[in-house]
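Structure first, then comments.
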Amino acid sequence: SEEISQFTPTSAADVEQFRLKFLVSKGLVKALFDEFKSVGPEEKRTLGKVLNEFKQLAEQTFTDAQTKFSGTSDKQAKNEGDLTLPGEGFQLGSRHPLSLVRKEIVEIFKKLGFIVAEGPEIEDDWHNFSALNFPPEHPARDMQDTFFVEKKDGNDIALRTHTSSVQVRLMEMGKPPFRAIMPGRVYRNEAISARAHCFFHQVEGLYVDEHVSFADLKQTLFHFVQELYGEGTKVRFRPSYFPFTEPSAEMDISCTICKGDGCQLCKYSGWVEILGCGMVDPNVLENCGIDSKKYAGFAFGMGIERITNLKYEIRDLRLFSENDVKFLSQFETEI
Ligand code: PHE
């Protein structure tokens, strides 16, 4: 009985061990009772009492131990099986606003027959600058703007500063007509602030065929703006300069906030700039092996961050790369 009162089971297996030792038909309790039958009537009286207490102790210890171990697992089983309990929700991710807007831009141009093309982010001087008609001493090649990876005379390797490099790759690879948009990440050596970042995203557009004119460029971009910002959005073109287009222009749209009445965003002008564009310079066509007498083309390039800022009224570029869930979860859920 000392062994029984000291019994401290640590598992259901211990309890079972206890049962096998004391309580089964070949166990100790039964054996003692068998022995009891052969003692004299005098001893029976005292021994009977002791034996009964022993048996009760063994049985009580066993039931206590049994509820301790099988009791908890019973409870667990009940919980797991209760289908009326509320489920544990899991969080769905959301699309990054830049991906949302890139997707939207791509969809609009796909409907006009543009294919999507991509190129490398680490680019050589030829594709990022020389083929695009940048003179050797052009300031855009300056260390201040460009992240050089490897600087070798004549063929520097750098992080591309714009997606116009993909135009060159596309034209070198095939024959006109070309009708493509080229989304991608670009890099410029700028101090990070609310308005500038050392990397951002652009979508380039290129259309090269016989008889392509500036009117085609204007109508294509006009249509794009109506689709993206809604019918009635006005556009205007201002003369500009890019080494790889001639003539070149910058396109403004009527302010997305005040619709042209004047507000802080458009600095009370009613207009916001959204992209650069122009007719592909014949030198660029020739650099890519295309007959500039037979073919003409237009090109445009826009910053996805800028388009997104105007669409969602985001005022700080840094939000795009900080991965703050409070910011990101406000956008469309990924399904
Ligand atoms: N590559 C120019 C830029 O990064 C944009 C552009 C593209 C302008 C194509 C004209 C034609 O600013």
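The values are calculated or read from the model by the stated rules, or taken from the named source; none is laboratory data. From a predicted model like this one, the values you see are computed outputs, not experimental measurements. Note that each Cβ is placed from the backbone with ideal geometry, even for glycine, and that neighbours are counted across all protein chains shown. The protein model used for the area step is the full one, side chains on, heavy atoms only, and it has no ligands, DNA or RNA in it. Shrake-Rupley method; radii C 1.70, N 1.55, O 1.52, S 1.80 Å.
Just to be sure I understand: of the beta bridges DSSP finds with both ends in the chain, what percent are antiparallel, rounded to 5?
Antiparallel: roughly 95 percent of the beta bridges in the chain.
Using only Cα atoms, locate the centre of the stretch 130-199 and the centre of the stretch 9-46, then give the distance between them in Å, rounded to an integer.
Each part reduced to its Cα centre gives a spacing of 91 Å.
With every protein chain kept in the model, how would you rank R95, R315, R306 by accessible area, 1.4 Å probe, largest at the top?
Ranking R95, R315, R306 by accessible area, largest first, yields R315, R306, R95.
Report, by chain and number, residues whose modeled amide H sits under 5 Å from the one on A249, excluding near sequence neighbours (fewer than 5 apart, same chain).
S240, C277, G278
On a full-extension model of 0.36 nm per residue, what is the gain between T8 and H211, subtracting their alpha-carbon distance, rounded to one decimal in nm?
Between T8 and H211, full extension yields an extra 63.6 nm.
Per the Debye formula with a single identical scatterer at each Cα and no solvent contribution, what log10 I(q)/I(0) holds for the chain at q = 0.07, 0.10 Å⁻¹?
-0.47, -0.69
Rounded to the nearest 10 Å², what accessible area does H223 show when all protein chains are kept and the probe is 1.4 Å?
About 60 Å², ignoring ligands and nucleic acids.
Give the carbon-plus-sulfur fraction of the accessible surface of the chain in %, rounded to a whole number; probe 1.4 Å, heavy atoms of protein chains only.
Carbon-and-sulfur percentage of accessible area, whole number: 51.
Taking the chain as a whole, which cysteines find no other cysteine Cβ under 4.7 angstrom from their Cβ?
By the Cβ distance rule, which asks for a partner under 4.7 Å, the isolated cysteines are C198, C277, C288.
Ignoring the sites themselves, what is the longest stretch of the chain with no chymotrypsin sites (Phe, Trp or Tyr not before Pro) in a DSSP loop and at most 12 other beta-carbon atoms within 10 Å?
The longest uninterrupted stretch comes out as 91-267.
Going out from 0 in 5 Å bins, what whole percent of all Cα-Cα distances in the stretch 90-148 drops into each bin?
4, 13, 14, 14, 11, 16, 15, 7, 3, 2, 1, 0
Report the label-to-label distance for S329 and R185 in nanometres (one decimal), using points 7 Å from each Cα along the Cα→Cβ vector.
With each label point 7 Å from Cα toward Cβ, the separation is 2.5 nm.
Report the GluC sites (Glu not before Pro) located in the stretch 135-202 that are in a DSSP loop and have at most 16 other Cβ atoms inside 10 Å of their Cβ, or state none.
Those that pass, being in a loop and sparsely packed, are E137, E190.
Using amide H atoms built 1.01 Å from N in the peptide plane, name the residues 5+ places from S94, or on other chains, whose amide H lies under 5 Å from its own.
Here E334 satisfy the definition.
Using a 1.4 Å probe, what is the accessible area per residue for the chain, in Å²?
Accessible area per residue: 59 Å².
If the cut-off is 13 Å between C-alpha atoms, which aspartates and glutamates fall inside it for K44, apart from same-chain ones fewer than 8 positions away?
Straight-distance partners of K44: D34, E35.
What dipole magnitude, in Debye to the nearest 20, does the chain give about its Cα centre under +1 on Lys/Arg Cβ and -1 on Asp/Glu Cβ?
Value, rounded to 20: 800 debye.
Classify the stretch 246-335 from the C-alpha gyration tensor, please: rounded if a/c falls under 1.5, else prolate or oblate depending on whether a/b exceeds b/c.
Because a/c hits 1.5 or more and a/b fails to exceed b/c, the stretch 246-335 counts as oblate.
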